[in-house]
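The values are calculated or read from the model by the stated rules, or taken from the named source; none is laboratory data. Here the structure is a predicted model, which is why all the values come from computation and not from measurement. Virtual Cβ from ideal backbone geometry, glycine too; neighbours counted across all protein chains shown. Heads up: the accessible areas ignore ligands, DNA and RNA and are worked out on the full protein's heavy atoms, side chains in. Shrake-Rupley method; radii C 1.70, N 1.55, O 1.52, S 1.80 Å.
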Amino acid sequence: MTTNQQITDAQLAAQPAAYVTGLAYEALIAYTRAKQAEKGYTQPQFWLLRNLSKNDISPDGEGMTLAELRAAMASYIRPEDDLAAEAEVLIGRGWLTRDPEDRLWLTEEGEQARVELRRNAPAIRAALHEGIDDADYVTTVKVLQQMIRNAGGTAA
């Protein structure tokens, strides 16, 4: 794989998509997580809040066990993400509670925190999209979706 910044379009076209998208994925996740850490939270903590909020991902705002949360996040949780440890941090902050059946519930303070933390997303997106117009971004996403379908996957 060529890593030189001055490569030709022909060389770019020959690079394996899995390699390039893998590099992009790791860089984007690392950047996002670093920006969230600067604000005092982790991406898995934010996901916990989102998955337990009836105003976000949760359809009903009902409590969930860690196993249920892991299943709900299966398509995006990373192997190194320790939801149990992350949940304990949020319980300590008063953003989650745990009931006798070991289900986690979002508190009112947790919902307020989710709303506040969500306000960080536009700045992260803007930084990552700097120098990329929306038309180019849409084309890139469409190309990647077609490659996913070509590989037998289901494009979102």
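Applying the selection to the stretch 26-37, what residues are without any contact (Cβ under 8 Å) to a residue 60 or more places away in the chain and either of a type outside the set (D, E, K, R) or closer than 20 Å to W105 by Cβ (or both)? Hits for the stretch 26-37 are A27, I29, A30, A34, A37.
When you look at S58, is it farther than 13 Å from Q45 by Cα and surrounded by 13 or more Cβ atoms within 10 Å (Cβ to Cβ), yes or no? Show your work before the answer.
Numbers: farther than 13 Å from Q45 by Cα: yes; surrounded by 13 or more Cβ atoms within 10 Å (Cβ to Cβ): yes.
Judged against the criteria, S58 is a match.
Among the residues of the stretch 99-120, is there at least one that is within 21 Å of Y25 (Cβ to Cβ) and open to solvent by less than 50 Å² (accessible area, probe 1.4 Å)? Scanning the stretch 99-120, I find at least one residue that is within 21 Å of Y25 (Cβ to Cβ) and open to solvent by less than 50 Å² (accessible area, probe 1.4 Å), so the answer is yes. Go through the stretch 72-98 residue by residue and tally those that are open to solvent by 70 Å² or more (accessible area, probe 1.4 Å) and touching a residue at least 40 places away in the same chain (Cβ under 8 Å). Within the stretch 72-98, residues that are open to solvent by 70 Å² or more (accessible area, probe 1.4 Å) and touching a residue at least 40 places away in the same chain (Cβ under 8 Å) number 0.
Meeting the requirement of 1 or more residues that are polar (S, T, N, Q), the helices (runs of 4 or more DSSP H) wholly within the stretch 65-129 are 108-118. Scoring Q146 on the criteria (1) more than 22 Å from Y31 (Cβ to Cβ); (2) in contact (Cβ under 8 Å) with a residue 24 or more places away in the chain leaves a single failure, condition (2). Tell me yes or no: at least one residue of the stretch 110-128 is under 28 Å from A34 (Cβ atoms) and in contact with a Leu (Cβ under 6 Å, 6 or more places away or on another chain). Yes, some residue in the stretch 110-128 is under 28 Å from A34 (Cβ atoms) and in contact with a Leu (Cβ under 6 Å, 6 or more places away or on another chain). Looking only at residues of the stretch 1-28 that are in contact with a helix residue (DSSP H, G or I) (Cβ under 8 Å, 6 or more places away or on another chain) and part of a helix (DSSP H, G or I), we find that the one that is most open to solvent (accessible area, probe 1.4 Å) is L28.
Is it the case that the stretch 38-47 has a residue that's charged (D, E, K, R), at pLDDT below 95 and either under 21 Å from the mean Cα position of the chain (by Cα) or within 23 Å of L104 (Cβ to Cβ) (or both)?
Just the residues of the stretch 38-47 that are charged (D, E, K, R), to begin with: 38-39.
Imposing the further condition that a residue be at pLDDT below 95 reduces the set to none.
No: zero hits.
If you filter the stretch 48-84 down to residues that are of a type in the set (D, E) and farther than 11 Å from L104 by Cβ, you find that the one that is farthest from the chain's Cα centre (by Cα) is D60.
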